[in-house]
Every structure is written in structure tokens, then in C-alpha cells.
Amino acid sequence: MQLARLLLPLCLAASLVPAACESDAVLLDTGADSECGNGKLEPGEACDVDSDGCQGCVVVPNWSCDASGCTQLCGDGVLAVGGSCDAPKRDTDCDLTGYWAARETDYTRDSVLGSIQTSSTWYLYRLEQTGDDFHIAEEIECGVHVTGSAVVDSTPGTLRGLLYANRQDAPSPHGARHGTSKPASGGCAITLDRRYKIRGVTEAYLPADFTTNPALADLPPLPSVANPVTSTEIPDGTVDIDGDGIPGVAYAITGFVNGTRNAAQRDWKEYATPAGTSLPAASLVLAIPGAFDLQENVLRVTGCGGGCALIGSAAHAASDLHGRLTLSFIGKTFGSERVARVVAGKPRDSLAADLTTCANVRLVLPHDGSTP
């Protein structure tokens, strides 16, 4: 693969239009012979080794890389054996207090081919824990990427429009999202309570009380149209959160067919370590199994030529496959050297800073397209 000049959008979704970002980071000219992934450090590459700390020849925040590999950096809640930060771990066992990069991994089946789609949804979380109980003290949502029979990405407007939507911290009308993390079976057992989200519709389509855990089928039906390929309707209850002039929230589709799909969506997700099992205490990365359900009504498909019908049908949760929440510890204190490598500014104070933070979060926890 020959590369000339590489633009790395700060929102870091490969198929997003660069205008989605507040600014671009321009990497050096790689030259005609540069090839990321060949194991050779070439002009324009910060690293080229097989490691979680090197993604797309870019060094992941809080890692250090050389020709032999990458190691994580210590400080602000991260301890290690020896001065080189070998075998890093948190300085607490089950207490989750601090900043975390978060990635929700879910599985759906498309209605046309019945094939599995693997999705990643990213967040920045700041957690506060007292005793065995913790809550989300701050958060921002950092976009969606789906792979399978097609590739799906947040459009620029969707990335910005959902950045501060569906709050999970205390200012939410439903209060902060809570969980537990406590010693169990030689490690830690972790739960995170069920949370409902809507996209492209008003708050009226959320449960009045999240703690009653209603089924999605028992909630008011989402807005719909008779035919999303030909429709020009703007159904009652929809919201144009992405600002494209079309109801619902928009996603860019590439693969077997290209186009844009606008939809009304609603889901819930919850996570818990299975009974009798545990996660390693003080680990920097935690993967918590989960369950979720999804409803989607497609409201409009555009830019898809003769293949519009293929992206005009809704996706459904793959009930036989279990998703997970992956948490990667960043650090404890805002403004500390370790946290500042990922968190560009206080969350929700600056759109530009939050887009940069989201780009870093997606580097810390890249998309995992595998299926169970």
C-alpha cells in the first residue's frame, strides 16, 4: 500500500467525512515506499509493531513504542514492577474510581441476509466509587462503528449530535448510572445497571422509570414510515439530531451497497460478571459480559442508487450472542500527565476538545470485529 500524505481526522472514524472534525492532524509525508504493517519504521510512522500500543502506525496514548514493541506508561493510579513499568496494574483492587475509555460491543442481524453485524460504541467515563458502589460521574459518547456484511459509521452530524445525548451522569433526568465492583472469587465482580437510550426520537420514547426494567416491546412504538426508500415524511416524535434535514439519526453505509440510512432507534444495555466468576483485581482492562435489546425503524435511505432496499430494513439484536463492556483505565486525576494524554479537556466544556478526546478513546480501544 503506497501512501502519500495521511490526514488523521480527530474523530477517527475511517469512513467519516473529514468535515466532521474540528481540525485534522497532518502526519508527515510517508514517501512512496512506506507501508504501515510491514514491521519497519518508515517516514511518517510513529510505530510499526504488532502491539495494542500501536494502532495504524500511531502510538496509542499512554504507551511507549520502539522497534521491539510497546509498553504502557505508569503514573496516576498505575503501578508496575520495576522502573520500566513491567506488568502494569491499578493501585486499587476493585475500586474503579478514575477515568476510563469504554467500548460497548454488541451483535445484531440484518433483516435481509441474516448475517451478524458487530458494533462498537465508545465512551469516555469518569467513575466515582464509595464502598462497593460506583456511579458514572462524567461521560461523553464517542461514535459507532459496525462491521459485517456492511460497514456502518456515524455520519459527521451524528457524531456531534450524540456526543452529549443520553446522559449517564447525574444531570440526566434519570440520574447517574450505577454499578457495583466488589471482591469475589479471588478477583472482582462487577455490575452496571440497565440503561435505556434513544436516537433520532424525543424523550417520550424512553421509560418514565428505568428501574422497572420494562421490555422495549412494552413501550410506545417508535415512529415509522411506509417505505423509507420513497418517503419524504417527517413523522411526529422524530428529531433531526444530526442536522441533515432528514428525520432520525444518520449512518453512512459502505460495503455491499453504499448510502446513508436515517433511523429511529431505542435500546437498553446491562452488564454483570457471571455468578461464581470474577475479573482480575487491579487490572487495567476489564471485559464485562452483557445483554441488550434493540428496536430500529428506518425512516429514510439516500445516496444508495439501485441498492436502497438492501439498507432500508431494520437490524435486530442477535439474542443468541452476548455482548460486553470493555473498560480501559486511563488514570485518576484530571490534568495529570497520564490522563491528559487521552482527555483533551474537561468533558462537555469544548466540542473541539471532546472530539479530540473521542479520537484518543477509539485509539485506546480499537474496534474488535470478531464474533463469539
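Readers should treat all values here as calculations from the given coordinates under stated rules, not as data from a laboratory. Fair warning: this is a prediction, and the values are worked out from it, not measured in the lab. We place every Cβ from the backbone using ideal geometry, glycine too, and count neighbours over all the protein chains shown.
Numerical summary
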| item | result |
| --- | --- |
| Under-5 Å amide H pairs with Gly331, H placed in peptide plane, nonlocal only | Tyr99 |
| Cα-centred dipole magnitude for region 295-366, charges only on beta-carbon of K, R (+1) and D, E (-1), debye, nearest 20 | 260 |
| Among beta bridges that DSSP assigns inside region 257-372, antiparallel share in %, nearest 5 | 100 |
| Over the chain, relative contact order from alpha-carbon pairs under 8 Å, at least 6 apart, % | 20 |
| Order by protection proxy (mean Cβ within 10 Å, highest first), peptides 279-285, 53-59 | 53-59, 279-285 |
| Theoretical gain in end-to-end length, Phe334 to Thr232 [0.36 nm per residue, Cα-Cα removed] | 32.1 nm |
| Simple label model, 7 Å out from Cα along Cβ direction - Thr254 to Thr211, nm | 4.6 |
| Residue-wise HN-Hα coupling along region 217-232, computed from phi with Karplus coefficients 6.51, -1.76, 1.60 (Hz; x: Gly, Pro) | 5, 8, 8, x, x, 5, x, 8, 10, 5, 8, x, 6, 10, 5, 10 |
| Rounded to whole Hz, the Karplus (6.51, -1.76, 1.60) HN-Hα couplings of region 288-300, x for glycine and proline | 10, x, x, 9, 7, 9, 9, 10, 9, 10, 7, 9, 7 |
| (1) 33, 28, 18; (2) 48, 25, 15; (3) 31, 27, 26, with the label sought being that of the calculated semi-axes √(5λ) of the Cα gyration tensor in Å | (1) |
| Cα-Cα over 29 Å, subset of Lys40/Lys332; Lys197/Lys346; Lys89/Lys197 | Lys40/Lys332; Lys89/Lys197 |
| Table column - 3J(HN,Hα) (Hz), region 47-60, Karplus curve with 6.51, -1.76, 1.60, x for Gly and Pro | 6, 7, 9, 7, 7, 4, x, 10, 10, x, 6, 10, 6, 5 |
